[in-house]
Amino acid sequence: MDLSKFQWTREPLDYSVEADKITVTTKPHTDLWQRTYYHFRNDNAPVFQMETEEKFFSFVVKTDFTESHHRFDQCGIVLYLDSENWLKGSVEYENEEFQHLGSVVTNGGYSDWATTEIDATVKTMWYRLSRREDDYCIECSSDGVRFRQMRVCHLHKGNEKIRFGIYACSPEDSSFRAVFTDFLLTECQWKAHDGQQPDAE
């Protein structure tokens, strides 16, 4: 995958981009979140993305967060359009016992958060983001081979040109090194639905 096509939105202070590896050292008090639950807003996490008008594709990346150690430290996959319209998938550190594997979808300035607890010993995760027009699927994998669905979602502004890629942040007073490898861009691996038919117009 040609990483030269990627561009920073909010370039981090400390990072390196190689042919097949990106390393980001997070800055404290960086995050992506909008309003929901406690009206908090933060929109300062660095994101590294490429642009496309392709309506059907899948994007895969492996994340290594061995150094995450503080509550909410996170790195993962992202599709960031603007401050109020985006989605992300990641593992967020919680404590020495467990972490949150989850995803956030933000439409019109309101974020949700869908999570499941995983063991704190997990320190790598693959993600696959797939697009079918303005609908999206986020999957995860422990080995880069078998992917499990995390969520299917709709982005109200995600029907034209989009940007997608990676992000890393530390919402509290923390910093850690996130490593991204195994980048892959393929035909859409999220197959067309073969169950119930759409309602008649």
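The values are calculated or read from the model by the stated rules, or taken from the named source; none is laboratory data. As the structure is a computational prediction, the values presented were derived from the model and not from experiment. Positions of Cβ are backbone-derived with ideal geometry, glycine not excepted, and every protein chain shown enters the neighbour counts. For accessibility, only protein heavy atoms count, side chains too; no ligands or nucleic acids. Shrake-Rupley method; radii C 1.70, N 1.55, O 1.52, S 1.80 Å.
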Without any contact (Cβ under 8 Å) to a residue 40 or more places away in the chain, over 14 Å from Val61 (Cβ atoms) and touching a Cys at 6+ places or on another chain (Cβ under 6 Å): does that describe Val152? yes
Among the residues of the range 69-84, which ones are open to solvent by 10 Å² or more (accessible area, probe 1.4 Å) and of a type outside the set (Lys, Arg)? His69, His70, Phe72, Tyr80, Leu81, Asp82, Ser83, Glu84
Kindly indicate whether Tyr80 is out of contact with any Asp or Glu (no Cβ under 7 Å at 6 or more places or on another chain), part of a strand (DSSP E or B) and not basic (Lys, Arg). yes
The residue that is farthest from Arg35 (Cα to Cα), considering only those in the range 92-119 that are of a type in the set (Phe, Trp, Tyr) and assigned to a strand (DSSP E or B), is Phe98
Restricting the range 122-146 to residues that are within 15 Å of the chain's Cα centre (by Cα) and over 15 Å from Leu87 (Cβ atoms), which is surrounded by the most Cβ atoms within 10 Å (Cβ to Cβ)? Met125
Looking only at the range 82-93, decide whether some residue is free of Cβ contacts under 8 Å to residues at least 60 places away in the same chain, within 18 Å of Val179 (Cα to Cα), in contact with a His (Cβ under 8 Å, 6 or more places away or on another chain) and of a type in the set (Val, Ile, Thr). yes
What number of residues in the range 10-40 are farther than 24 Å from Thr186 by Cβ and surrounded by fewer than 16 Cβ atoms within 10 Å (Cβ to Cβ)? 13
Of the residues Ala168, Ala114, which is of a type in the set (Gly, Ala, Ser), under 28 Å from Asn42 (Cβ atoms), without any contact (Cβ under 8 Å) to a residue 40 or more places away in the chain and in contact with a strand residue (DSSP E or B) (Cβ under 7 Å, 6 or more places away or on another chain)? Ala114
Pairs only if they're at least six apart or on different chains, beta carbon under 6 angstrom, first in the range 4-25 and without any contact (Cβ under 8 Å) to a residue 40 or more places away in the chain, second in a strand (DSSP E or B) and among the polar types (S, T, N, Q); list them, first residue then second. Asp14/Thr25; Ser16/Thr23
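Let's see how each residue does on (1) at pLDDT 95 or above; (2) surrounded by 10 or more Cβ atoms within 10 Å (Cβ to Cβ); (3) aliphatic (A, V, I, L, M):
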| site | (1), (2), (3) |
| --- | --- |
| Gly158 | yes, yes, no |
| Ile166 | yes, yes, yes |
| Ser170 | yes, yes, no |
| Asp182 | yes, yes, no |
| Cys188 | yes, yes, no |
| His193 | no, yes, no |
Within the range 129-188, strands (runs of 3 or more DSSP E) holding 2 or more residues that are in contact with an Asp or Glu (Cβ under 7 Å, 6 or more places away or on another chain) and of a type outside the set (S, T, N, Q): 148-154, 162-169, 177-186
